[in-house]
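Input: a single structure, listed below in structure tokens.
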Amino acid sequence: MITLKEALTLNKEELNKFKDELRSKIEANKELNAYIDIQSIGGGIPIAIKDNIQVKEWSVTSGSKILQGYIAPYNATVIEKMLEAGLSPFGRCNMDEFAMGSTTESSFYGKTQNPHASDRVPGGSSGGSAAAVGAGLAIAALGSDTGGSIRQPAAFCGIVGMKPTYGRVSRYGLGAYASSLDQIGPMTQNVEDAAILYDIISGSDTKDSTNAQKNDKVVAHLNADRKLTIAVLPEYIKNATQDVKDAYSKAIEALKVQGHTIVEREMMDAKYDISAYYITATAEAATNLARYDGIRYGNRVEGKNLEETFYNTRSEGFGDEVKRRILLGNFVLSSGYYEAYYVKAQKTRQMIKDEYTKIFNDVDLILSPVAPSVAPKFGALANPMDMYLSDIYTISVNLAGLPALSLPITKNSEGLPVGLQLIASAYDEQTLFDGALSLEKGVAYKA
């Protein structure tokens with residue numbers, strides 16, 4: 001598969017030929033179930049799009065039964081920015097329903113396979129996007145990251161996945177899961193491509209009130225030779241498997257060889273991250289998904305009266321995991337429990353932000369695992385608590401609103417990719433990409 005950087009040099013004839021070949025390759029690998037369908041808008045370089053990002057005149061369903069038949073009436077801001085840069089939306093990628101999941105198993109369209117092992121999950125919720133890039137069925141893709149949904153599937157599928165600082169990329173046109181956590185980001189074959197796509201989709205947008213209104217770019221200033229101070233977390237990785245620990249050690253040695261200064265730091269027990277995240281995310285999800293009632297949005301299932309219509313529509317339209325998170329969200333926001341749960345979660349969230357701020361006072365980046373293990377087999381995370389705990393290393397980044405990038409480091413004895421992430425302070429994407437480019441060069445991962 002050609003890279004995004006290479007694709008930018010193709011002429012019209014070469015690009016059309018490549019698109020025809022890409023369609024044939026996707027058709028020949030339908031069992032992967034990375035794509036829900038193949039459509040194309042514009043004549044530019046094809047980029048796969050997660051099924052929760054609005055593309056005008058496309059069916060966009062967030063992987064849910066309740067939105068079957070919905071046709072997007074407008075383009076998300078990231079789509080407009082892509083079109084202006086000569087890129088074209090090309091195909092809807094499978095995802096966990098409303099981005100709620102870590103395996104893509106909750107999708108209305110069925111599970112997506114990991115391109116490295118058909119019995120393994122590709123990760124989630126952006127599993128279709130990751131699998132498409134990892135299998136060579138996409139030059140690059142857009143995903144969304146609420147608690148690791150770009151970085152975790154990127155790690156499982158052996159690609160690069162980048163979550164920008166909250167507010168760097170417009171959320172206008174993104175199907176909301178948890179509004180204070182969601183961010184759209186690039187999923188690519190290498191770090192430089194991620195920087196290119198990030199530059200294209202980031203920037204100011206008056207349609208998004210949470211947008212940071214910042215327009216500085218990174219590609220022109222990429223520098224893999226910068227010498228950085230990078231924090232490692234010896235205690236924090238104790239719950240990771242040996243595969244992840246071995247990759248961590250390899251990455252540390254590679255960073256040392258590249259001339260970076262390695263320092264040890266500690267972070268508080270990640271169980272607090274999980275508690276704060278799932279209270280915050282489910283509370284916001286319950287509020288955001290209240291609109292899908294069959295009256296304003298969503299396919300209606302008629303009942304004898306209005307209350308029964310609401311009940312029937314949401315019961316039949318939502319899957320189990322979405323229902324579970326709506327129930328939990330409504331519980332933590334309910335009278336008598338709001339102070340006990342939601343307010344405490346926000347105080348904990350501030351503690352997490354303060355902890356990162358303290359670490360970044362004297363380091364440039366933090367090296368962290370992405371997931372406790374390599375991609376698990378299908379069904380291994382069927383217990384909701386096991387699935388929630390699998391997010392242990394990614395969710396604090398979203399709670400703090402920081403940028404982070406997952407990249408492949410090595411493969412285990414079974415040939416499964418092991419990815420790690422670098423985390424930077426808010427709005428310091430330049431340092432994040434510089435450090436990631438250096439680490440990529442140092443580990444020399446072979447796809």
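Where in the chain lies the longest segment free of GluC sites (Glu not before Pro) that are both loop residues by DSSP (not H, G, I, E, B) and have at most 14 other Cβ atoms within 10 Å? In short, 58-234. Distances between placed amide hydrogens fall under 5 Å for Asn190 paired with Val160, all partners being 5 or more residues away or on another chain.
Can you give the FRET efficiency for Glu14 and Val257, using 1/(1 + (r/R0)^6), R0 = 35 Å, r = Cβ-Cβ distance, to the nearest 0.05?
On the way: r = 38 Å, r/R0 = 1.09.
Here the calculated transfer efficiency is 0.35.
Under 11 Å from a point placed 7 Å out from the Cα of Ala117 along the Cα-to-Cβ direction: which residues of the stretch 402-424 have their backbone N that close? Within reach of a label on Ala117: 412-418. Among [x] 41, 27, 20; [y] 31, 27, 20; [z] 47, 27, 19, which one is semi-axes √(5λ) of the Cα gyration tensor in Å computed from these coordinates? This structure yields the entry labelled [y].
Pairs of Cα atoms nearer than 8 Å and 6+ residues apart set the relative contact order; for the stretch 210-283 it is 39 percent.
Here the residues Met82, Met268, ranked from fewest to most Cβ neighbours within 10 Å of their Cβ, fall in the order Met268, Met82.
Which of the listed residues, Leu416, Phe310, Ser396, is farthest toward the dipole's positive end in the stretch 309-432, when Lys, Arg count +1 and Asp, Glu count -1 at the beta-carbon? With unit charges placed on the Cβ atoms, the residue in question is Phe310. The modelled label-to-label distance between Ala85 and Lys441, using points 7 Å beyond Cα along the C-beta direction, is 2.2 nm.
Strictly greater than 20 Å: what percent of every Cα pair in the stretch 77-230 meets that? I get 47 percent for the Cα pairs in the stretch 77-230 exceeding 20 Å. Annotation for Glu6 and Ser249: the two label points, set 7 Å from Cα along the Cα-Cβ direction, are 3.5 nm apart. Taking the Cα centre of each part, how many Å lie between the stretch 254-290 and the stretch 312-357? Cα centroid of the stretch 254-290 versus Cα centroid of the stretch 312-357: 17 Å apart.
Sequence-distant contacts, meaning Cα pairs under 8 Å at least 6 residues apart, place the relative contact order of the chain at 18 percent.
By how many nm would the segment from Thr287 to Asn312 grow when fully extended, if each residue of separation counts as 0.36 nm and the alpha-carbon distance is taken off?
Numbers: separation 25, 0.36 × 25 = 9.00 nm, distance 1.87 nm.
Additional length available on full extension: 7.1 nm.
As a rough footprinting exposure proxy, the listed residues His221, His260 were ranked by other beta carbons within 10 Å of their own, and the order from fewest upward is His221, His260.
The charge dipole of the chain, taken about its Cα centre with unit charges on the Cβ atoms of Lys, Arg (+1), Asp and Glu (-1) only, comes to about 180 debye.
So if the hydrodynamic radius of the stretch 124-170 is defined as the Kirkwood radius over C-alpha pairs, what does Stokes-Einstein give as its diffusion coefficient at 10 °C and 1.306 mPa s, in µm² per second?
On the way: Rh = 10.5 Å.
Rounded to a whole number, D works out at 151 µm²/s.
Fewest to most neighbouring Cβ within 10 Å: what's the order for Asp320, Asp273? Don't jump to the answer; show the numbers that get you there.
Values: Asp320 10, Asp273 27.
The fewest-first ordering by Cβ neighbours comes to Asp320, Asp273.
Size of the stretch 235-384 from its Cα atoms: along the principal axes, largest to smallest, the extents are 70, 37, 24 Å. Annotation: for a label point projected 7 angstrom from Cα along Cα→Cβ of Lys353, residues of the stretch 176-192 with backbone N closer than 20 Å are 177-184.
Can you give the net charge of the other residues whose Cβ lies under 10 Å from the Cβ of Ser396, counting K and R as +1 and D and E as -1? Spell out each step's value before the answer.
Numbers: positive: Arg349, Lys353; negative: Asp273, Glu355, Asp391.
Charge balance near Ser396 sits at -1.
Since every read-out is calculated from the coordinates, none of them should be taken as a lab result. In this text, all values refer to a predicted model and were calculated from it rather than measured experimentally. So basically every Cβ, Gly included, is an ideal-geometry build from the backbone, and we count neighbours across all protein chains shown.
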